Amino acid sequence: MNIQPTSLAALTWASAAAGTTAESWRIGAVLAARPLGVNERGLMVLQIGGMAVEAELPGGQLPGGQLPPQFQVRVQSLGSQPLLEILAASAAETTVQRGLRERLPQQDGYAPLLATLGALSQRPVLRQLPQPLREALALLEHGIRTPEDITRGEGLREAIQRSGLFLEAQLTTPRADLAALAGNDWKAILLHLAAVLERQPPPRPVPPSPEPPAPPPLAQRGLQPQPRQASMPTPRQPMPAMESASASPPEAAEAEALSLAETLVGRLHGDVRAALARVEVAQLDAAAAQAWMIEIPLQGQDGRDVLQLQLQLARDSEDGNAFWTFGFAIDLPALGPVQGELQLRDLRLAVRLWAERSATTEKLERQFGTLRQRLAAVGVLLDQLSCQTGLPHGNGRAGALLLKATA
C-alpha cells in the first residue's frame, strides 16, 4: 500500500509548523508513522515524520483491516506527487525492499551520463584519456541505439533485450553468447566501464549537480519523459598568470585539455554509478509485478535522448482475458515531451498519444492516415486512435492502492 501526498510545498508548510524540515523526505528515507483517527470530513489523519497529513483511501477500505498503531513508510520518489510505501510493521525486510532502499538514493537518469560522454568524445579531450578508458567509452557509444534500430520490430525487440533489465536472466540461459552480451547489453557495458574507472587514478572531486535526479523507473510511478542535457564541456579554468605567461599556445591548449579531461572523468564516475543504480531499481521493481520499465538511450540529432518504455501484462476484470499495455515516453528537442499508450487485445488495438506542444499534436495527427493503412495491411483492427495536447497525469500501475494525502 502507498501514500501519495499532493505536493512538497504542503510538506514544507507542515514541517515548518511541526518544527521539522522537509529535507527528511528524501528518496529512500524511512519515516515513522501512526494513525491519529478520522476527522469531521471522514478523512484518515496520519502522523508521518513529525507532521500530520489527511489521507483519502480509494474504496474506503484497507487491505487486511486497520492500520497498526505504529508503522513505517519509505519515500520511493519525489516531485509534484511524492510516493511513500507503507512497510509491514512486523515482517522482515525482503531482499527486494533492501535493494530498493539502497539504490533509490543513488539512481539518476541516463541524460547526465550521455552528456558527459558527448563532452568526452571531443577530439582534444579524448586524446588525454588512457587507452582502456577510451575503449570502454567507445563500447558505451556502440551500445546507444539509433532511431532506425527501434523503428523496426526486430530492432526494438533487440533493444529491449539488451537494455540491461534482462542481463542476469540471459546469463543463466544455456549456450548464452557471453561475448555478445558483454559488447551489446547496456548494463554489461556500464559494469565494464565502472571496472575500468576503478583502475584509474582517484578522480578529481566534482561538485554535485544542482539539478534534482530524474524520477526513478518505478512501474507505479508511471512514465516520465526525460529531457536531453546539453553536451557542453566544463568551462575552462583560468591558468595562473605566471604559468600563462610562460606557456606557449600549444602547451596552454594541452594543459587546458588535460584539466578538462580530469574534470569530466571525475563526473563520469558519478554518472556511471547513478546509471547502474537506475538499471537495478528497474530490475528490482519488475520482480514484484508483471510490469517492466525499460529505458533505451538513443542517438538523436545533435545529441542523445532517452526512450522510456513500460510493458505490462494484465487481465480484463470482466472476461479474464489477458492483454498487453505498451507505453512510451520521450522528450525530443524538435517535438518536446511525447507520451503514448497502446493496448492490444487479440488483434484489436487502441492507441492514445499525448504531446505537450500543440504543434506536435498537429504533426502526429497528420500521420494517422498512414498508420491506419499500415495496421489494416497486417490485419490489426484499430479501435481507437487519438492525440491530445498536454501530458497525462496519474500513476502507471492499474489497481495500485494509494492514499491521497494533504498536509
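Remark: TRP186, TRP25 ranked as TRP25, TRP186, counting other beta-carbon atoms within 10 Å and listing the fewest first.
Spin-label pair ARG204-GLN384: with each label point 7 Å from Cα along the Cα-Cβ axis, the two points sit 5.3 nm from one another. Ranked by the mean number of other Cβ atoms within 10 Å of their residues, highest first, the peptides 269-277, 196-204 fall in the order 269-277, 196-204.
Restricting the trypsin sites (Lys or Arg not before Pro) of segment 112-180 to loop positions (DSSP other than H, G, I, E, B) with no more than 15 neighbouring Cβ atoms within 10 Å leaves ARG127, ARG152, ARG175.
Translational diffusion coefficient of segment 114-205 (Stokes-Einstein, Kirkwood radius from Cα pairs, 10 °C, 1.306 mPa s): 109 µm²/s.
Give me the dipole magnitude in Debye, nearest 20, for segment 252-310 about the Cα centre, with unit charges on the beta carbon: positive for Lys and Arg, negative for Asp and Glu. Please report the intermediate quantities before stating the final value.
On the way: 4 positive and 9 negative charges, 45 e Å.
Here the size comes out at about 220 debye.
Counting other Cβ atoms within 10 Å as a rough exposure proxy, the listed residues GLU362, GLU141, GLU295 run GLU362, GLU141, GLU295 from fewest neighbours to most. Sorted ascending by nearby beta carbons within 10 Å, beginning with the fewest, HIS192, HIS393 become HIS393, HIS192. Between ASN321 and THR95, the FRET efficiency from the beta-carbon distance, with R0 = 41 Å, is close to 0.75.
For segment 111-286, count all C-alpha to C-alpha pairs, find those more than 26 Å apart, and express that count as a whole percent of the total.
Working: 5919 of 15400 pairs.
Of the Cα pairs, 38 percent sit more than 26 Å apart.
The amide H of LEU332, built 1.01 Å from its N in the peptide plane, has VAL338 as neighbours under 5 Å, considering only residues 5 or more places off or on other chains.
For segment 333-384 and segment 173-219, compute the distance between their C-alpha centroids and round to whole Å. Computed from Cα coordinates, the inter-centre distance equals 34 Å.
Computed from the coordinates by the stated procedures, all read-outs in this text should not be read as laboratory data. Values in this document were obtained by computation on a predicted structure and should not be read as measured data. Virtual Cβ from ideal backbone geometry, glycine too; neighbours counted across all protein chains shown.
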